[in-house]
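The values are calculated or read from the model by the stated rules, or taken from the named source; none is laboratory data. Remember, predicted model here, so these are calculated numbers, not experimental data. Here Cβ is always computed from backbone atoms with ideal geometry, including for glycine, and neighbour counts include all displayed protein chains.
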Amino acid sequence: MSTDTGAIDLQTEAATQALAACIGARLRPGDTLLLDGGIGAGKTAFARALIRAATGNPGEDVPSPTFTLVQTYATPRGEIWHADLYRLSHPDEARELGLAEAMEHAICLVEWPDRLGDLAPPGALTLWFEALPHGPHRVRLSGPPPWPARLEPCLAR
């Protein structure tokens, strides 16, 4: 059973960075974040902020993996895989990228998770991003236990 956190409005880029850093500090190998939402909703900005915080390098080059499909990063907590599956047409293509194995041993951030099909882990945390009409973004988090307890400090802001 998943628990929905309710909506969190991210009024500024700094708010997105703070949430990403807080969540990132609680991740460990084997965790998967499914980043869902339309184009321009804030998925890549969130992933970029999380990766920069996890590497400890605010200047880390974190390009969108739209064309490379996957980018990997070494961090003190383990390897992070950032995947953008927008261009995939079948879940088998995600398997060919090695995502099934990566989800077992790395921290995985997956944009366009609907392309995963049944490859999406049942214990993943889903973040639904929405661009609001007047600038800010909104995110809704949902995941099974133990996600609510792990993320409580991040949501009590």
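Out of curiosity, is Leu109 out of contact with any Pro (no Cβ under 8 Å at 6 or more places or on another chain), buried (at least 23 other Cβ atoms within 10 Å of the Cβ), under 16 Å from Ala7 (Cβ atoms) and modelled with pLDDT of 95 or more?
It is false that Leu109 is out of contact with any Pro (no Cβ under 8 Å at 6 or more places or on another chain), buried (at least 23 other Cβ atoms within 10 Å of the Cβ), under 16 Å from Ala7 (Cβ atoms) and modelled with pLDDT of 95 or more.
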May I ask you to list the residues in the stretch 95-144 that are in a strand (DSSP E or B) and of a type outside the set (A, V, I, L, M)?
Cys108, Glu111, Thr126, Trp128, Phe129, Glu130, His137, Arg138, Arg140, Ser142, Gly143
Would it be correct to say that Asp36 is modelled with pLDDT of 95 or more and more than 20 Å from Thr55 (Cβ to Cβ)?
yes
Being farther than 22 Å from Gln17 by Cβ, among the aliphatic types (A, V, I, L, M) and touching a Lys or Arg at 6+ places or on another chain (Cβ under 8 Å) narrows it down to one of Leu132, Leu127, Leu97, Leu85, so name that one.
Leu85
Selection over the stretch 15-37 where residues are touching a residue at least 60 places away in the same chain (Cβ under 8 Å), in contact with a Phe, Trp or Tyr (Cβ under 8 Å, 6 or more places away or on another chain) and either part of a loop (DSSP other than H, G, I, E, B) or small (Gly, Ala, Ser) (or both) yields a count of 1
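Residue by residue, here is whether (1) surrounded by 15 or more Cβ atoms within 10 Å (Cβ to Cβ); (2) in contact with a helix residue (DSSP H, G or I) (Cβ under 8 Å, 6 or more places away or on another chain) holds:
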| position | (1), (2) |
| --- | --- |
| Leu85 | yes, yes |
| Pro113 | yes, no |
| Pro122 | no, no |
| Trp128 | yes, no |
| Pro133 | no, no |
| Arg138 | yes, no |
| Pro144 | no, no |
| Cys154 | yes, yes |
Which of the residues belonging to the stretch 1-33 are of a type in the set (Gly, Ala, Ser) and at pLDDT below 90?
Ser2, Gly6, Ala7
Could you list all residues from the stretch 40-86 that are under 26 Å from Asp9 (Cα atoms), in a loop (DSSP other than H, G, I, E, B) and either in contact with a strand residue (DSSP E or B) (Cβ under 9 Å, 6 or more places away or on another chain) or at pLDDT 95 or above (or both)?
Gly40, Ala41, Gly42, Glu60, Val62, Pro63, Ser64, Pro65, Thr66, Leu85, Tyr86
